[in-house]
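The values are calculated or read from the model by the stated rules, or taken from the named source; none is laboratory data. On a predicted model such as this, the values are computed, not experimentally measured, just so you know. Cβ: placed from backbone, ideal geometry, glycine included. Neighbour counts: every protein chain shown. Areas reflect the complete protein model, heavy atoms only, side chains present, ligands, DNA and RNA absent. Shrake-Rupley method; radii C 1.70, N 1.55, O 1.52, S 1.80 Å.
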Amino acid sequence: DQGWIEDGTSYMTLRALAQHSEYELTWDGSRAWLRGEDLELSARPGDLYILSNDRALYVEGGVQVVDGKLTLPLRVLASATGGSLSWNSGTATASLGLKGVSAPKANYNEEDLYWLSRIISAESRGEPLVGQIAVGNVVLNRVADGQFPDNIKDVIFDTKYAVQFEPVANGTVYDEPAQSSVLAAKMTLEGARVVDKCLYFFAPALSEGTWIVNNRTYYTSIGGHSFYL
């Protein structure tokens, strides 16, 4: 009851991880803390992320409590601890190796985090956290796509086909970002993906998005935004 596989995802309780490692598990009344020589991890039930050495790691479906035990996907724990995650198809067993590992520290490019958090905040302030991650995904998808500039700042300020983001035109991209947008930017930079390879989005309540609707493939809607491939 401390570890299981559900819908193709392996889970483990933090209690089990502490029992089988040198990490110490504590509870402060609102969140769990897992601490070791090189790790400080905190997780709060229901959150879509955990904090690990000042990193923000996305937890799809949120941090769960099962039978009174706080539970995380094994892949999230592997990312947080620096452990190796493997799968044995013969025995249908997932394994997390911690021997000789060192938990990664936050290592975000300051300029990338600065601009990504600001465009997310300006475009999606008040949107659910997953919607803010989605905006960050669009920016990084453009960075990876050859038809757009190859870095975050240049994507945001790209004017090849006119201004791409309204906050650049109205100046709100320079505003101090909401804390949730900083978290969303960190999770996006850590690899969180919620809208696959989408390159476009718009808010139907504010714009008809005529060109996007007529020329791109609809993917999904999150909060007040519709996302297109």
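If you run the Gaussian network model on the chain, springs between alpha carbon atoms under 10 Å, then out of L57, L113, L98 the most flexible one is L98.
Around R55, what is the net charge, scoring Lys/Arg as +1 and Asp/Glu as -1 over all other residues with Cβ under 9 Å from its Cβ?
0
Mind pulling the angle between the C-alpha long axis of helix 129-144 and the longest principal axis of the chain? Nearest 10 degrees, somewhere in 0 to 90. Orientation of helix 129-144: about 70 degrees from the principal axis. The residues of the chain expose on average 52 square angstrom of accessible surface per residue, using a 1.4 Å probe on protein heavy atoms.
Between S221 and I5, what is 0.36 nm times their sequence separation minus the Cα-Cα distance? Round to one decimal in nm. All intermediate terms of the calculation are to be shown ahead of the outcome.
Working: separation 216, 0.36 × 216 = 77.76 nm, distance 2.92 nm.
Contour length minus the Cα-Cα distance gives 74.8 nm.
Computed over the chain, the per-residue total of -39500 (n - 2.57) for DSSP H runs of n ≥ 4 gives a 222 nm mean residue ellipticity of -9000 deg cm²/dmol, rounded to 500. Labels on offer are (1) 67, 51, 49; (2) 56, 37, 32; (3) 71, 44, 28, and the one holding Cα extents along the principal axes in Å computed from this structure is (2). For the chain, the relative contact order is 14 percent, taking Cα pairs closer than 8 Å that sit 6 or more residues apart in sequence and dividing their mean separation by the residue count.
Taking label points 7 Å from Cα along the Cα-to-Cβ direction, T26 and N109 give a separation of 3.7 nm. Taking a ≥ b ≥ c as the square roots of the Cα gyration tensor eigenvalues, the range 134-229 comes out rounded, since a/c falls below 1.5.
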